[in-house]
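Take a look at the structure set out below.
The values are calculated or read from the model by the stated rules, or taken from the named source; none is laboratory data. None of the values given here were measured: they were computed from a predicted structure. Cβ: placed from backbone, ideal geometry, glycine included. Neighbour counts: every protein chain shown.
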Amino acid sequence: MDWHISLLFFYVFAVLKSLGQRRYLRKTNMPSSVVAAMNYTLGIFPLALVVGLLLPHHINWSWWVVFLLLLEGLAIGICNKLFVRAIKRLPISLFQTLNQSGTIFIILGGWVLLGETLSMLQIIGVIIILAAAVLSAFAAKSKKRAQPIQPGTVKLVLIAAVIMSIGLLAEKAALGYMDVGGYFIFGLGSQLIFVTLIALKDVNKKVWKAVSKSDIRNNVVVGLLSALAGFSYLYTVNAANNIPLIVSLNSFVLPLTALGSYWLLHEREDQRKLWGSIALGMIGVCITAL
């Protein structure tokens, strides 16, 4: 399958996952670390294990590969908790805008550490996509009274974006030593272990008693959608063999999510900015990917 097609699948699954997660986080009081762990244990890893065993899963084991798996598992595990916490604390417009800083770190890291670069035309396309993502974030800005921002939350998102970029770069490096099926088993398995360990300190009798059938159902659905988005992303980045390019193209998920939230969650965005971000993002994707 061509990576352009798998990128389209990623857009679909990532948008559905974002909408489902946003809807669920509005009404749950579960600790952010527990929500992240439930996503993995109930949805992401069970599907990853099945798919990984069905696909070729050869791995060229070495201490370097073990280090990369541990690094990406720890980094992505930490970010899952931090991002869930930030989504609860920040207006979605500010969160999405700050989160785009991770794309810049990945572009620089991919160039310096992996030797993966962008052409001048692709850089222009990336700038347009990032501009569309920021525009879509402000299109979604609430017209109601401003949501108070807890001290340190902006710094939390920026730190999480840096950590996530480290995790994704380690993930891309690890894919050079194994089939995608092997990464589904051991890479996502590493993330499961660290996400669970991080959640253990927040788990107590009160939290266990608070878990409802609705929590389980929502985390299964969001987890499965996250897994499908992750599978599409991993296939795409492996096939294109250029993480700065794919992560940049992934930023178009934000305008698409804003559009989805307008239709499905009835979040009334500024329509001019919304449709402007969609048009701008499509132009950027065409310049960058075609």
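For (1) within 25 Å of LEU280 (Cα to Cα); (2) among the hydrophobic types (A, V, I, L, M, F, W, C); (3) modelled with pLDDT of 90 or more; (4) in contact with a Gly (Cβ under 6 Å, 6 or more places away or on another chain), each residue gets a yes or a no:
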site: LEU197; (1), (2), (3), (4): no, yes, yes, no
site: LYS201; (1), (2), (3), (4): no, no, no, no
site: SER212; (1), (2), (3), (4): no, no, no, no
site: ARG217; (1), (2), (3), (4): no, no, yes, no
site: GLY223; (1), (2), (3), (4): no, no, yes, yes
site: SER226; (1), (2), (3), (4): no, no, yes, no
site: LEU234; (1), (2), (3), (4): no, yes, yes, no
site: ASN238; (1), (2), (3), (4): no, no, no, no
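Any residue at all in the range 175-188 that's assigned to a loop (DSSP other than H, G, I, E, B) and among the aromatic types (Phe, Trp, Tyr)?
To start, the set of residues in the range 175-188 that are assigned to a loop (DSSP other than H, G, I, E, B) comprises 176-177, 179.
Now drop any that are not among the aromatic types (Phe, Trp, Tyr), which leaves 177.
So far as the range 175-188 goes, yes, one or more of its residues are assigned to a loop (DSSP other than H, G, I, E, B) and among the aromatic types (Phe, Trp, Tyr).
Identify, from the list VAL50, VAL15, VAL65, the residue that is aliphatic (A, V, I, L, M) and in contact with a Phe, Trp or Tyr (Cβ under 6 Å, 6 or more places away or on another chain).
Numbers: VAL50 fails: in contact with a Phe, Trp or Tyr (Cβ under 6 Å, 6 or more places away or on another chain); VAL15 fails: in contact with a Phe, Trp or Tyr (Cβ under 6 Å, 6 or more places away or on another chain).
Sole residue among the options that is aliphatic (A, V, I, L, M) and in contact with a Phe, Trp or Tyr (Cβ under 6 Å, 6 or more places away or on another chain): VAL65.
On the given criteria, is PHE67 more than 17 Å from the chain's Cα centre (by Cα), of a type in the set (Phe, Trp, Tyr) and at pLDDT 85 or above?
yes
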**OP:** Can you tell me which residue within the range 175-200, out of those that are crowded, with 21+ Cβ neighbours inside 10 Å and more than 15 Å from GLY230 (Cα to Cα), is nearest to the chain's Cα centre (by Cα)?
**Re:** VAL195
**OP:** Check GLY284, GLY230 and return the single one that is buried (at least 21 other Cβ atoms within 10 Å of the Cβ) and either in contact with a strand residue (DSSP E or B) (Cβ under 6 Å, 6 or more places away or on another chain) or more than 30 Å from LEU54 (Cβ to Cβ) (or both).
**Re:** GLY284
Subject >> For LYS209: the one exception among (1) part of a helix (DSSP H, G or I); (2) in contact with a helix residue (DSSP H, G or I) (Cβ under 7 Å, 6 or more places away or on another chain) >> reply: (2)
**OP:** Quick one: LEU169 ticks every box in (1) over 25 Å from VAL35 (Cβ atoms); (2) part of a helix (DSSP H, G or I); (3) of a type outside the set (Gly, Ala, Ser); (4) at pLDDT below 80 except a single one, so which number is it?
**Re:** (4)
Subject >> helices (runs of 4 or more DSSP H) contained entirely in the range 219-290, each with at least 2 residues that are farther than 30 Å from ALA173 by Cβ and β-branched (Val, Ile, Thr) >> reply: 271-289
